[in-house]
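A quick write-up on the structure given underneath.
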Amino acid sequence: GAGVSQSPSNKVTEKGKDVELRCDPISGHTALYWYRQSLGQGLEFLIYFQGNSAPDKSGLPSDRFSAERTGGSVSTLTIQRTQQEDSAVYLCASSLAGQGADTQYFGPGTRLTVL
Amino acid sequence: KNEVEQSPQNLTAQEGEFITINCSYSVGISALHWLQQHPGGGIVSLFMLSSGKKKHGRLIATINIQEKHSSLHITASHPRDSAVYICAALNTGNQFYFGTGTSLTVIP
C-alpha cells in the first residue's frame, strides 16, 4: 500500500502554543520512529515505538515533548509550549520489525516553524 | 567528539566517477544504516548492515566491525546521485547516532 504519511506537511505556530504532528506508518509495520532535523543540522533520534511495548523516550529533548501511538498504528508527536528552537523538520519512519535491525521507510516530514 | 564521523563533508564528482563516502563510529553497534536525502528533504534507506558487504545496483556498502568503519561506494556516478548521504549507527544500547552527512554533487 502507501508509504509513510505525515501531516501536516507544514506548520507555522506562535511561541508558547502546543502543536500535534501525525504519522501514519506503513500498514503492518510494528516499529515506528520519530526524528528531528534542524536547519543545517543532522538527524536526531527522538522516540521509538515497538508494537505495544512502552516507547523508548530516551531521545526526547525535554518534557515538553511527548508521543503516543494508538492501536499500534498511527502516532502523534505533541510539543507543548513551543519554543523557537523547536523549529525543525520532524520525520517519522516505520519498519516491519525490530529497532534498527530492519529497513526503515521515511515519511516526507512535517516542517515546523515557531515564530 | 561525535559518536559517528563521516568524510568527506562535501564531495563534487564528474559523472562516471567512482565515489567513496566513509563512516567511522566509536560505539559498539548492532546495525549501521546508510540513508540518502535528496534536495527537498525526502529520506530513503539505502542499506542496513551488521557485517560484510551489500550491493544494490550501482551502490555498494561495506562494514568492518573490528575497525568500526563503513564505506558507501557509488560506481559510474550520475547527476541523479546528487544528494546528502547519512550514516546512522545503532549501538548495542538501542540508541541511534547519526553522522552529519556527506553532500554529494555529481556534475554532468
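By DSSP, the beta bridges lying fully in the protein assembly as shown are antiparallel in about 90 percent of cases. Each part gets one Cα centre, and for segment B:51-81 versus segment A:44-72 those centres are 31 Å apart.
The count of lysine pairs in the protein assembly as shown that are at least 8 places apart or cross chains, and whose C-alpha atoms lie under 20 Å apart, stands at 4. Taking the empirical scaling 2.2 N^0.38 Å for compact globular proteins as reference, segment A:1-74 has a Cα radius of gyration ratio of 1.16. Under the criterion of Cα pairs below 8 Å and six or more residues apart, the relative contact order for chain B equals 38 percent.
Ligands, DNA and RNA left out, the accessible area of segment A:13-89 computed with a 1.4 Å probe is 43% carbon and sulfur. Note that chain B, at 10 °C in a medium of 1.306 mPa s, gets a Stokes-Einstein diffusion coefficient of 115 µm²/s from its Kirkwood radius over C-alpha pairs. In segment B:18-36, burial by the other protein chains removes 30 Å² or more of 1.4 Å probe accessible surface, compared with the chain on its own, from B:HIS33. Calculate, in whole percent, how much of the Cα-Cα pair population of the protein assembly as shown lies beyond 22 Å. Summing the P(r) of the protein assembly as shown above 22 Å gives 51 percent of all pairs. For segment A:65-107, a reduction of at least 50 Å² in accessible area between the chain on its own and the assembled protein chains (probe 1.4 Å) is found at A:GLN99, A:GLY100, A:PHE106. Neighbours of A:GLY40, meaning other residues whose beta-carbon lies under 15 angstrom from its beta-carbon, give a summed charge of 0 when Lys and Arg score +1 and Asp and Glu score -1.
Considering only the other residues whose Cβ falls under 13 Å of the Cβ of A:LYS17, what net charge follows from Lys and Arg at +1 and Asp and Glu at -1? In short, 0. Look at the dipole of chain B built from charges on Cβ: of B:SER70, B:GLN6, B:LEU49, the Cα furthest out on the positive end belongs to B:LEU49.
The values are calculated or read from the model by the stated rules, or taken from the named source; none is laboratory data. In this text the structure is predicted, and so the values were computed from the model without any measurement. Positions of Cβ are generated from backbone atoms using ideal geometry, with glycine treated the same way; all protein chains shown enter the neighbour counts. SASA here: full protein model, heavy atoms, side chains in, ligands and nucleic acids out. Shrake-Rupley method; radii C 1.70, N 1.55, O 1.52, S 1.80 Å.
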